[in-house]
Structure formats: structure tokens, C-alpha cells
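Below is one structure, written out as C-alpha cells; comments come after it.
The values are calculated or read from the model by the stated rules, or taken from the named source; none is laboratory data. All of these numbers come straight from a predicted model, not from anything done at the bench. Using ideal geometry, Cβ is built from the backbone for each residue, glycine included, and neighbour counts are taken over all protein chains shown. Areas reflect the complete protein model, heavy atoms only, side chains present, ligands, DNA and RNA absent. Shrake-Rupley method; radii C 1.70, N 1.55, O 1.52, S 1.80 Å.
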Amino acid sequence: MQVRRVLDPPDDYHLAGSVGLLPMGRHDPCARFVEGVFWYASRTPDGPGTLALSRDGAALTATAYGPGASWLIDRAGAIAGLDDDVTGFPALAAAHPVVAQLARAHRGVRLPATGQVFPRLLRAIFEQKVTGKEAYRAYAATARHFGEPAPGPVERLLLPPPAEAVAATPYWVFHPFGVEQRRADTLRRAAAVAARLEACADSQEATRRLTAIAGIGPWTAAEVVRTVYGDADAVSVGDYHIPNTVAWALAGEARGDDARMLTLLEPFSGHRGRVCVLLEAAGIAAPRFGPRMPIRSFARF
């Protein structure tokens, strides 16, 4: 099955800056750009599907493949970030020169809302307290282990791992992927209740359900709801870098804790997560002191 829909994005819409928030790096096995087209594989309630998003002049063309094509095409606008409501943000941004400049320079970035919790949760759990390279290695290896080709013409595009299969997999299967038992068990607990998580009506309910799972805290919940529900206010409290980035960008302070970060972001309430996204998009980072965290291999432990 293949269906197509033409969307009408805002004049300043930036496709790569918006859907670029969805994949884990350029080589994500489940979502990536190929020759200017963004491909997003999904396990929808109607079955597997793939969504392709491409610019066609001022328009945005959405093409979906597979049994889940209709489900994806109906949500193509939200996945592309076109449902993101930036009302009021320019006025808030004007209160700080750095944020005002970011709002102008990256005004085409919209927050996507995929509407699917478990695929983003799987990635977020792998990102807990490890380097980005360690997290990607574990995520990609897991996707390949459960690998099922996604519908459509793109080669080596895989569907996200199914929650039921992840829940039934012993923790030691994840060990060769570089995942220690703590994260593996957290993932399996989350997978076991994935259906209830997918039924959450909004980011507030999802945050409550997520943080009730052992091993999932505010950081993981915020990372999930920001792209699943397009929650522009979700702040990743507990992150290793973001408090320093916010303190440096907004106050010129090389280091900051979560409390300081939240104080600095308070004037942008309703869009605090958006500010963090724009800081990352601009490549702003606090000065580094001392050695970087080493890249480990849990598979060798």
C-alpha cells in the first residue's frame, strides 16, 4: 500500500532542522535522510509502515508505505512538526538577547510529535548515563537484532524493535550490545507496559506513567515526551551537559546545576524545552574542563 499527501508548511519551515530531532545520528537504522528525503519507519496500530517526507518547492510531500501507511499519512503533519504551536514564543524570546537571536536564526525549526512512546523510550533508556557513542552502539545493535525490513524502497531501513519481543528477551541478550543489566532490565520493564504507555492522552499522563517505572526518572521522561507529544516545555533535568549549556548561554557561567538551569529557563515557561533544543541546534556548549568521559564497552565486562 502506498498513499501520498501534500502538506503546506509555514514559509520559514526547515525540514532537516525539524525532523532531524527524530533519528539518533545520521545512520539511525530506523529513521534517516537519504538524498534529501527523510525516511521514518514505524510500527503503527495498523501494522508496519514507512513515512517519507520531502520538500517540493514550497510544499512538503508525505508518502507512506505498508499496512500502516494510512495511519502515518494522517499524522504526517505532526511528525513533521507542523502541529507545533510557537504562539507566544517570539515575545518570550525577546526577553534575552541570546534566545531572541536563536529564535530568529532557527525560526524554521518545529518540534515533531510522533505519537509513539516506546520507540523513543527505547533510545532514551540506552542513553542513560553513557556517552553518545555507547548509546548509539547499543541502540543500533538492538535494532539490528530484532531487525525487520521496513516497507518501502529504501534498503537497510528497519522497523523499530517490537515491545512484546523486547519484554520477552532475557537481559543477557543485550549484554553483547554493550548494555549492562540495569538498563536492560529497565528496558524490559518499560516494554512490558508499552501498551499502557501508548494509551497516554498527553505528556503529563505519560510523564506520570513513565516515572512510575523503576529505572526511569525525569530526564528519560522529558526526552520522550518532547518528541512524542511535541512538548515544548519538557526540560531534561538530570542531564550531564544541558545545565552547563544553559548557564553558559544565558548567564555566562561555565557551570550550572539543575536548579540554576530551571531558574534561568523560568522566563520561557511553556517553551523551556524549545530553548534547550535551539541551544543544541546552534551548537552552543559550555567550556570543557578536564578529560572527557571514556567510551566503555559493557560487552567486555
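Here are the numbers for this structure:
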{"item": "Breaking point among (1) small (Gly, Ala, Ser); (2) more than 24 Å from Thr50 (Cβ to Cβ); (3) in contact with a strand residue (DSSP E or B) (Cβ under 6 Å, 6 or more places away or on another chain), for Ala80", "result": "(2)"}
{"item": "Qualifying residue in region 234-241 (condition: of a type in the set (Gly, Ala, Ser) and either buried (at least 19 other Cβ atoms within 10 Å of the Cβ) or under 19 Å from Leu111 (Cβ atoms) (or both))", "result": "yes"}
{"item": "Among the candidates Gln181, Gln204, residue that is in contact with a His (Cβ under 8 Å, 6 or more places away or on another chain) and farther than 22 Å from Pro23 by Cα", "result": "Gln181"}
{"item": "Verdict on Arg182 being more than 20 Å from the chain's Cα centre (by Cα), within 17 Å of Trp39 (Cα to Cα) and open to solvent by 60 Å² or more (accessible area, probe 1.4 Å)", "result": "no"}
{"item": "Close pairs (6 angstrom Cβ cut-off, 6 or more residues apart or separate chains): among the aromatic types (Phe, Trp, Tyr) in region 57-79, open to solvent by 20 Å² or more (accessible area, probe 1.4 Å) and not in a strand (DSSP E or B) anywhere", "result": "Tyr65/Pro151; Tyr65/Gly152; Trp71/Asp46"}
{"item": "Residues of region 1-58 classified as part of a strand (DSSP E or B), within 19 Å of the chain's Cα centre (by Cα) and buried (at least 16 other Cβ atoms within 10 Å of the Cβ), total", "result": "15"}
{"item": "Filter result (touching a residue at least 60 places away in the same chain (Cβ under 8 Å) and open to solvent by less than 30 Å² (accessible area, probe 1.4 Å)) within region 198-225", "result": "Cys200, Ala206, Leu210, Ile216, Thr220, Glu223, Val224"}
{"item": "Some residue of region 60-67 being open to solvent by less than 50 Å² (accessible area, probe 1.4 Å), closer than 30 Å to Glu164 by Cα and assigned to a loop (DSSP other than H, G, I, E, B)", "result": "yes"}
{"item": "Residue among Leu82, Leu92 that is open to solvent by 20 Å² or more (accessible area, probe 1.4 Å) and in a loop (DSSP other than H, G, I, E, B)", "result": "Leu82"}
